[in-house]
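Chemist: Input: one structure, supplied below.
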């Protein structure tokens, strides 16, 4: 499920509506429960600082369970 959301998010990223960012955030939040995926997500978010900054912008507006997962996978988190 997380992979599907991530793929759909990347496919809809160029659209003017922010659906791509939301789908990517949901996909990351679902994948963040697996420790290996969490490490991979952190590295990937570090490689793409523009996408990471957009995810950081919408994180405070998301529901708590998604917000916590995205904060755990933030590449700039301690």
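Chemist: Right, residue 63: surrounded by 11 or more Cβ atoms within 10 Å (Cβ to Cβ), over 19 Å from residue 3 (Cα atoms), at pLDDT 85 or above and over 11 Å from the mean Cα position of the chain (by Cα) or not?
Modeler: Considered against the rule, which asks whether it is surrounded by 11 or more Cβ atoms within 10 Å (Cβ to Cβ), over 19 Å from residue 3 (Cα atoms), at pLDDT 85 or above and over 11 Å from the mean Cα position of the chain (by Cα), residue 63 comes out as no.
Chemist: Restricting the search to segment 9-30, which residues are more than 17 Å from residue 72 (Cβ to Cβ) and either in a helix (DSSP H, G or I) or in contact with a strand residue (DSSP E or B) (Cβ under 8 Å, 6 or more places away or on another chain) (or both)?
Modeler: Once the filter is applied, which keeps residues that are more than 17 Å from residue 72 (Cβ to Cβ) and either in a helix (DSSP H, G or I) or in contact with a strand residue (DSSP E or B) (Cβ under 8 Å, 6 or more places away or on another chain) (or both), segment 9-30 yields 9, 10, 11, 12, 19, 20, 21, 22, 23.
Chemist: While we're on this one: Can you name the residue in segment 7-24 that is closer than 16 Å to residue 62 by Cβ and touching a helix residue (DSSP H, G or I) at 6+ places or on another chain (Cβ under 6 Å) and, of all such residues, is surrounded by the fewest Cβ atoms within 10 Å (Cβ to Cβ)?
Modeler: Checking each candidate, the answer is 19.
The values are calculated or read from the model by the stated rules, or taken from the named source; none is laboratory data. Remember, predicted model here, so these are calculated numbers, not experimental data. Cβ coordinates were reconstructed from backbone atoms using ideal geometry, including for glycine residues, and neighbour counts include every protein chain displayed.
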